[in-house]
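Student: My questions all concern the structure below.
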Amino acid sequence: FSCNLSDLLCSLPGLLYQEYRDKSTREEIETRRLQDSQTDPEETSPSEETPSEAEPTSTAENKAPPQISLLRNSNSRFNLWQDLPEIRSSGVLSILQPEEIKLQEAMFELVTSEASYYKSLNLLVSHFMENERLKKILHPSEAHILFSNVLDVMAVSERFLLDLEQRVEENIVISDVCDIVYQHTVSHFSVYITYVSNQTYQERAYKQLLQDKPAFREVISQLELDPKCKGLSFSSFLILPFQRITRLKLLVQNILKKVEEKSDRECTALDAHKELETVVKACNEGVRKMSRTEQMISIQKKLEFKIKSVPIISHSRWLLKQGELQQMNGPKTSRTLRTKKLFREIYLFLFNDLLVICRQIPGDKYQVFDSAPRGLLRVEELEDQGQSLANVFILRLLENADDREASYMLKASSQSEMKRWMISLAPNRRTKFVSFTSRLVDCPQIQCVHPYVAQQPDELSLELADVLNILDKTDDGWIFGERLHDQERGWFPSSIGEEILNPKIRAQNLKECFRVHKSDDSQRRKLGSRNRQ
């Protein structure tokens with residue numbers, strides 16, 4: 001480039017990263033809507049098939065969310081790699097194949113989004129962390145919990161961005177970026193694990209400071225009102241590193257979908273993706289570990305054992321689901337609704353390796369009267385037998401606390417609650433639809449159009465534009481799904497998504513997913529053959 005790329009990248013994302021990310025994901029949703037409405041996915045133009053950079057459709061059927069038009073009219077100078085004056089004047093667009101132009105756009109987005117992210121991190125540090133009034137209010141230990149190692153994260157982002165800039169300056173056509181992603185992920189991105197693992201402490205400290213220190217609350221509110229923040233909250237800046245490391249993995253996936261198969265660029269993309277996945281998993285595990293330990297200690301204190309005591313706290317144990325169900329009293333033939341109460345309340349704590357069955361007793365305590373290893377649980381749905389037996393299922397303990405088989409007839413409050421319990425209790429039980437990991441040719445799919453934060457351990461938090469296979473659904477508005485980009489499973493309300501109706505688009509999504517995870521598959525095959533030996 002003849003211009004200075006650093007100046008270009010500073011002006012390019014006129015948006016802070018939060019806005020840039022929201023714009024990208026919403027445009028990705030619109031592109032998928034457009035593709036889904038067409039009979040042939042190949043009919044989309046090159047720019048439409050660059051999800052996060054595509055211009056949204058403006059048809060009556062697919063109205064773009066209002067944010068998109070506002071963001072598109074921001075002071076951003078360029079949207080696409082092919083819109084750069086240097087690219088247009090070079091004549092390179094008439095030489096490159098459409099597939100290569102799509103790949104250039106995907107790599108360019110990774111670079112420009114890193115510039116936008118760095119800009120937002122810089123604002124978090126200069127505008128909030130280094131504010132003199134805030135420094136006087138916060139004790140050093142409070143500031144450390146609140147901002148953690150954000151300076152390290154920012155230094156890593158700056159170094160990463162400089163290397164990306166240098167690569168883009170080398171040639172008008174970008175050769176690759178995934179080799180740089182790989183090197184930085186392996187050598188420097190561990191700072192993200194430290195930052196994200198502190199998230200639970202950070203959220204708690206922030207809530208506590210807002211509650212206990214009016215001066216802190218006042219300064220934060222004033223800083224948020226500064227035009228620099230563009231109406232974004234302080235907490236949206238604090239969560240940036242976790243959002244970025246997750247998004248970076250998806251940007252590499254987008255590149256991987258566009259590189260030529262069995263090429264050097266495919267190898268570097270697969271390597272980068274694998275390393276990023278390791279970091280993202282470590283980040284997730286770091287967050288979960290702390291909250292799980294606290295939760296297990298809290299549960300242990302509430303349990304009183306009527307049977308032989310089972311030690312609850314273990315470093316390898318965590319809660320999957322808890323809640324109240326109705327247990328049928330005695331054989332169903334001996335009871336009617338007119339006589340003694342048909343059902344009585346019991347309370348279940350289901351862990352990843354253990355089930356404990358309790359009755360609630362005064363003082364927010366639970367008396368345990370049975371238990372079983374999770375691997376020895378079986379469930380069976382009762383066929384509809386009238387209103388009194390709606391949402392009833394049989395839970396069998398192949399070996400309970402007394403070393404014998406036991407059965408419980410349990411009633412849930414709704415169809416979705418019954419299905420959620422059945423899937424949690426017996427995860428290997430066949431769902432309505434088969435997972436894509438079975439290499440099924442087609443499976444119902446949904447894309448997320450409203451973000452969702454999980455409220456229960458068996459639910460799945462979803463980001464805009466996430467695509468999931470639908471494994472099961474209920475009549476009262478819940479879906480059990482498997483997210484394509486990481487195979488995480490969980491429940492979520494059907495209202496947050498739109499089903500993908502075009503079978504060609506579903507097949508394309510699966511094909512791309514298999515390709516992204518083929519290195520994982522080969523690794524599993526290697527491990528499997530080693531185990532057999």
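Student: Could you state the number of Å between the C-alpha centres of segment 110-161 and segment 236-258?
Tutor: Between the Cα centre of segment 236-258 and that of segment 110-161, the gap is 18 Å.
Student: I would also like to ask the following. Please list, in chain and number order, the residues 5+ apart from Q445 or on another chain whose amide H is under 5 Å from its amide H, with Hs placed from the backbone.
Tutor: Close amide H contacts, sequence-distant or interchain: I470, I500.
Student: Could you give me the ³J(HN,Hα) list for segment 274-282, computed from phi with Karplus coefficients 6.51, -1.76, 1.60 and θ = phi - 60°, whole Hz, x at Gly and Pro?
Tutor: 4, 5, 5, 4, 4, 5, 4, 5, 5
Student: A follow-up question, please. Local charge sum around D179 (other residues, Cβ-Cβ under 11 Å, Lys/Arg +1, Asp/Glu -1)?
Tutor: -2
Student: Net charge within 15 Å of R404 by Cβ-Cβ distance, Lys/Arg positive one each and Asp/Glu negative one each, not counting R404 itself?
Tutor: For residues surrounding R404, the net value is -2.
Student: Whose amide H sits under 5 Å from the amide H of H485, counting only residues 5 or more places off or on another chain, with H placed in the peptide plane?
Tutor: HN-HN under 5 Å from H485: V467.
Student: Moving on. Could you state how much accessible area Y347 has, in square angstrom rounded to the nearest 10, with a 1.4 Å probe and all protein chains kept in place?
Tutor: 30
Student: What full-extension length gain, to one decimal in nm, is calculated for S407 and E86 as 0.36 nm per residue of separation minus the Cα-Cα distance?
Tutor: Gain on extension, S407 to E86, equals 108.3 nm.
Student: If I take R0 = 35 Å and measure r between the Cβ atoms of D264 and D442 in this structure, what FRET efficiency does the formula 1/(1 + (r/R0)^6) give, to the nearest 0.05?
Tutor: 0.60
Student: Rounded if a/c is under 1.5, else prolate if a/b beats b/c, else oblate: with a ≥ b ≥ c from the C-alpha gyration tensor eigenvalues square-rooted, which is segment 177-309?
Tutor: Oblate.
Student: Here's a follow-up. Run the numbers for Q360 and L382: contour at 0.36 nm per residue of separation, minus the present Cα-Cα distance, in nm.
Tutor: 5.3 nm
Student: Kindly sort R515, R244 by accessible area of their heavy atoms, largest first, with the probe set to 1.4 Å.
Tutor: R515, R244
Student: Suppose every K and R has +1 on its Cβ and every D and E has -1 on its Cβ; what is the size of the dipole of segment 99-138 about the Cα centre, in Debye to the nearest 20?
Tutor: 520
Student: For the pair E142 and H188, what calculated FRET efficiency results from E = 1/(1 + (r/R0)^6), where r is the Cβ-Cβ distance and R0 = 30 Å, to the nearest 0.05?
Tutor: 0.65
The values are calculated or read from the model by the stated rules, or taken from the named source; none is laboratory data. Bear in mind that the values here come from a model prediction, so they are computed numbers and not experimental data. Here the Cβ is made from the backbone with ideal geometry for all residues, glycine too, and neighbour counts use every protein chain on show. Side chains included, ligands, DNA and RNA excluded: accessible areas come from the protein's heavy atoms. Shrake-Rupley method; radii C 1.70, N 1.55, O 1.52, S 1.80 Å.
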